[in-house]
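Below: one structure, written as structure tokens.
The values are calculated or read from the model by the stated rules, or taken from the named source; none is laboratory data. What you see is a predicted model, and the numbers here were worked out from it, not measured in a lab. Every residue, glycine among them, receives a Cβ derived from its backbone with ideal geometry; neighbour counts consider all protein chains shown.
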Amino acid sequence: MDWGLQNRLSRIIKPNDGKAVMLAVDHGYFLGPTESLEQPRKTIQPLLKYCDSLMLTRGVLRTSVDARFPVPVVLRVSGGSSIIGEDLSNEKITTSVKDAIRLNVSALAMSIFVGAKNEHNTLVSLGHLVNEAEEYGIPVLAVTAVGKELAKRDARYLSLSCRIAAEFGAHMVKTYYCDNFEKVVDSCPVPVIIAGGPKLEERAALELAYNAVNAGAAGVDMGRNIWQSKYPVPMIRAVRAIVHGNVNVKEAYDLFNRLCKESPSKNDKPKSETSQPKNQSKNKKQKKK
Ligand code: 5RP
């Protein structure tokens, strides 16, 4: 593997344990202002120091992330359909490799839709993206997206998708957790990372992360199960403890509960908005006089 590509990859999958905690905040590219991601900067900022890398689009990167913060970026470069459109699988490459280099990203990400109407187009796009990205030593993450019409999340379907992505040259694959997940990991020659999927109760989400890592996943690229939690910071720290700290589900959930007591919930108003400024109460007294 070329030095640059290996170096970028190791910013995402940490070489000391071969694991990754990616924070996914790219949902707006087809969902619009997703719940709890309405103001991306507000959602992302408190979580930044707890993730190894951030997965997002160039629009949110440029508008909502401080360029001076040294977080490795996995840039989503595909899109073209929305949740209210006809066919979610109708995606193309929407961001150039040149712009990705300008943004100093560590990897590129795009979705493939195996078994869907645009299977062919998305797979050929993956091949082209790998060709171009490799010229500059940039790894590619293939997201095995499941369109509206493809509710299938079983090991047979997901291992088919992951394996095809790896055959096309993807350096990492992101997919969903499922029963017999070992089958998905074992038949995919590149690291497999799991998405969190729709919001679950926190313990169940931690169990999902634990089971995936135990079955051989290289980590998580989690979004909604972190920032849709009432306690996003405790949640990402508990997920991190599973991925990098080898803790079990009980230990991670205990940590989550302990951290919840110390951290404000995301619905709490900052102190400055709730407590009265000192001289305001003085003024009131003065007015009464
Ligand atoms: C959509 C994506 C998302 O990043 C992915 O679904 C991860 O987020 P979540 O954990 O919320 O499922 O790639 O195609």
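Close Cβ contacts (under 6 Å, 6 or more residues apart or on different chains) running from residues in region 16-43 that are on the phi > 0 side of the Ramachandran plot and touching a residue at least 24 places away in the same chain (Cβ under 8 Å) to residues that are part of a loop (DSSP other than H, G, I, E, B) and near the ligand (Cβ under 10 Å from one of its atoms) comprise Ser36/Gln228. Close Cβ contacts (under 7 Å, 6 or more residues apart or on different chains) running from residues in region 256-281 that are modelled with pLDDT of 50 or more to residues that are surrounded by 10 or more Cβ atoms within 10 Å (Cβ to Cβ) and among the basic types (Lys, Arg) comprise Leu259/Arg237; Ser265/Lys230; Lys266/Lys230; Asn267/Lys230. Going through (1) buried (at least 20 other Cβ atoms within 10 Å of the Cβ); (2) out of contact with any Ser or Thr (no Cβ under 6 Å at 6 or more places or on another chain) one by one, Val114 falls short only on (2).
Please work out if Glu86 is acidic (Asp, Glu) and without any contact (Cβ under 8 Å) to a residue 12 or more places away in the chain. In short, yes. For region 108-158, a residue qualifies if it is away from the ligand (no atom under 14 Å from the Cβ), modelled with pLDDT under 95, in a loop (DSSP other than H, G, I, E, B) and of a type in the set (Gly, Ala, Ser), and the qualifying residues are Gly115, Ala151. Does Ser187 satisfy the criteria of being of a type in the set (S, T, N, Q) and at pLDDT below 95? For Ser187, the condition - of a type in the set (S, T, N, Q) and at pLDDT below 95 - is not met. Selection of first residues in region 163-181 that are polar (S, T, N, Q) and of second residues that are within 16 Å of the ligand (Cβ to nearest atom) and outside any helix (DSSP H, G or I), restricted to Cβ pairs under 6 Å at least 6 apart or on distinct chains, gives the following pairs, ordered by first then second residue: Thr175/Thr144. Looking across region 188-201 at every residue that is away from the ligand (no atom under 14 Å from the Cβ) and exposed (fewer than 15 other Cβ atoms within 10 Å of the Cβ), the one that is nearest to Pro232 (Cα to Cα) is identified as Glu201. Conditions: (1) closer than 29 Å to Glu207 by Cα; (2) charged (D, E, K, R); (3) surrounded by fewer than 16 Cβ atoms within 10 Å (Cβ to Cβ). Arg163 meets all but one. Number of the miss? Checking Arg163 against (1) closer than 29 Å to Glu207 by Cα; (2) charged (D, E, K, R); (3) surrounded by fewer than 16 Cβ atoms within 10 Å (Cβ to Cβ), the one that fails is (3).
Within the bounds of region 89-106, is there any residue that is modelled with pLDDT under 95, part of a loop (DSSP other than H, G, I, E, B), surrounded by 19 or more Cβ atoms within 10 Å (Cβ to Cβ) and within 12 Å of the ligand (Cβ to nearest atom)? Within region 89-106, one or more residues are modelled with pLDDT under 95, part of a loop (DSSP other than H, G, I, E, B), surrounded by 19 or more Cβ atoms within 10 Å (Cβ to Cβ) and within 12 Å of the ligand (Cβ to nearest atom).
Yes or no: region 125-148 includes at least one residue that is free of Cβ contacts under 8 Å to residues at least 12 places away in the same chain, β-branched (Val, Ile, Thr) and over 18 Å from Trp3 (Cβ atoms). No. Filter region 1-24 down to residues that are part of a loop (DSSP other than H, G, I, E, B) and either of a type outside the set (Val, Ile, Thr) or in contact with a helix residue (DSSP H, G or I) (Cβ under 6 Å, 6 or more places away or on another chain) (or both), then give me how many there are. Residues in region 1-24 being part of a loop (DSSP other than H, G, I, E, B) and either of a type outside the set (Val, Ile, Thr) or in contact with a helix residue (DSSP H, G or I) (Cβ under 6 Å, 6 or more places away or on another chain) (or both): 6 in total.
If we keep just the residues of region 25-50 that are within 12 Å of the ligand (Cβ to nearest atom) and part of a loop (DSSP other than H, G, I, E, B), which is surrounded by the most Cβ atoms within 10 Å (Cβ to Cβ)? Out of the qualifying residues, it is Asp26. The set of residues from region 58-109 being of a type outside the set (Gly, Ala, Ser) and either at positive phi or touching a Gly at 6+ places or on another chain (Cβ under 7 Å) (or both) comprises Val60, Leu88, Asn90, Glu91, Lys92, Thr94, Asn104.
Residue selection: Ala252 satisfies the criterion of being touching a residue at least 40 places away in the same chain (Cβ under 8 Å), small (Gly, Ala, Ser) and more than 16 Å from the ligand (Cβ to nearest atom). Note on region 183-232: residues that are free of Cβ contacts under 8 Å to residues at least 12 places away in the same chain and in a helix (DSSP H, G or I) total 2.
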